[in-house]
Amino acid sequence: SNTAMPPDFLMQQMEWREGVAAARAERDAAALGRLRADIAQSRAEMLDLLERSLDESNYDAGCSLVRKLRFLEKLDEEIHDALNS
């Protein structure tokens, strides 16, 4: 099975990372808050998809979603740290 991240998610990942880095550098709490809300929404959508793929025993899709969720959790922690530093 192909374990590569889909390109659209990689692009999204890069945009979020750049957004976090820029907001962090400018100490822009409002921008960090917006990024955090975006990420929370994506996590909620992915958890729904994960539930569905497990119901359908689609474990390839499930594994891919788990990896994405891990990335989002890490990014959320970075934002949390930035807001509290």
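The values are calculated or read from the model by the stated rules, or taken from the named source; none is laboratory data. Remember, predicted model here, so these are calculated numbers, not experimental data. Because the Cβ atoms are built from the backbone with ideal geometry, glycine has one as well, and the counts that use them run over all protein chains shown. Side chains are part of the model used for accessible areas, which takes the heavy atoms of the whole protein and leaves out ligands, DNA and RNA. Shrake-Rupley method; radii C 1.70, N 1.55, O 1.52, S 1.80 Å.
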Q: Kindly establish whether SER85 is touching a residue at least 12 places away in the same chain (Cβ under 8 Å), among the polar types (S, T, N, Q) and out of contact with any His (no Cβ under 6 Å at 6 or more places or on another chain).
A: no
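For the subset of the range 42-76 comprising residues that are among the polar types (S, T, N, Q) and in contact with a Leu (Cβ under 8 Å, 6 or more places away or on another chain), which member is nearest to ASP8 (Cα to Cα)? First the steps, then the outcome.
If we filter the range 42-76 for residues that are among the polar types (S, T, N, Q), which is where we start, we get 42, 53, 57-58, 64.
Next, only the ones that are in contact with a Leu (Cβ under 8 Å, 6 or more places away or on another chain) stay: 42, 53.
Working: SER42: 13, SER53: 20 Å.
The extreme case among them is SER42.
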Q.
Can you pull out every residue in the range 39-72 that is closer than 27 Å to ARG27 by Cα and open to solvent by 80 Å² or more (accessible area, probe 1.4 Å)?
A. GLN41, ARG70
Q) Which members of the range 17-33 meet the condition of being basic (Lys, Arg) and under 15 Å from the mean Cα position of the chain (by Cα)? A) ARG17
Q) When you go through (1) out of contact with any Leu (no Cβ under 7 Å at 6 or more places or on another chain); (2) under 19 Å from ALA23 (Cβ atoms) one by one for ILE39, which number turns out not to apply? A) (1)
